[in-house]
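Student: Below you will find the structure I want to go over with you.
We did not get these values from a lab; they are worked out from the coordinates using the rules stated. As the structure is a computational prediction, the values presented were derived from the model and not from experiment. Cβ sites come from the backbone with ideal geometry, for glycine too, and all protein chains shown count toward neighbours.
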Amino acid sequence: MKNDISVIIPTFNRANFLQKAVESVLLQTYQGFELIVIDDGSTDNTYEIVSRFKNNIVYIRQENKGPAVARNTGIKRARNKFLAFLDSDDCWDKEK
């Protein structure tokens, strides 16, 4: 299936929520997406959580600059026509 959606999850010190957010995207019934996680300078175990999914996501770490800059970093990296955003402490229904 061709990718046509870039899903962007900006995160900062939300490792305790991030796994569920990532899984809610990866378990979608529609699979035509790339998943980009922007780590905005987390000091918790965010990288450890993301590394569990390393083959299924794009991980970008940057210095802490706030959520707007993290979203913009994701937009710049996105390769697809459509963008979708998910907060790192939220989850999607599997038919989003």
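Student: LYS76: which lysines have alpha carbons under 25 Å from its alpha carbon, excluding same-chain residues fewer than 8 sequence positions away?
Tutor: By straight Cα distance, LYS76 reaches LYS2, LYS20, LYS54, LYS65, LYS96.
Student: Can you give the helix-only mean residue ellipticity at 222 nm for the chain, where every DSSP H stretch with n ≥ 4 adds -39500 (n - 2.57) and the sum goes over all residues, rounded to the nearest 500 deg cm²/dmol? If you can, show how the numbers build up before the last one.
Tutor: Working: 3 runs with 29 residues, N = 96.
Taking each H run of at least 4 residues, the total per residue is -9000 deg cm²/dmol.
Student: From the backbone phi of region 18-25, what are the Karplus-calculated ³J(HN,Hα) couplings (6.51 cos²θ - 1.76 cosθ + 1.60, θ = phi - 60°) in whole Hz, Gly and Pro given as x?
Tutor: Calculated HN-Hα couplings, in order: 4, 4, 5, 5, 4, 4, 5, 7 Hz.
Student: Under 13 Å between alpha carbons, and skipping anything fewer than 8 positions from LYS94 in its own chain: which aspartates and glutamates qualify?
Tutor: Here the aspartates and glutamates satisfying the reach criterion relative to LYS94 are GLU23.
Student: So, one more: Relative contact order for the chain: what percent, with Cα pairs under 8 Å and sequence separation of 6 or more?
Tutor: On the way: 188 pairs, mean separation 44.7, N = 96.
Relative contact order for the chain comes out at 47 percent.
Student: Here is a further query. Straight distance only, please: which aspartates and glutamates reach the Cα of LYS81 with their own Cα at less than 19 Å, same-chain residues fewer than 8 apart left out?
Tutor: ASP4, GLU34
Student: Let me ask you something else. Using +1 on the beta carbon of Lys and Arg, -1 on that of Asp and Glu, and nothing else charged, what's the dipole of region 20-96 about the Cα centre, debye to 20? Can you show the working numbers first?
Tutor: On the way: 12 positive and 12 negative charges, 89 e Å.
It comes to approximately 420 debye.
Student: Under the rule of at least 5 residues apart or a separate chain, name every residue whose amide H is placed under 5 Å from the amide H of SER42.
Tutor: Placed amide hydrogens put ASN13 under 5 Å from SER42.
Student: Looking at [x] 46; [y] 60; [z] 38, which value of percent of Cα pairs over 18 Å apart comes from a calculation on the structure shown?
Tutor: Derived directly from the coordinates: [z].
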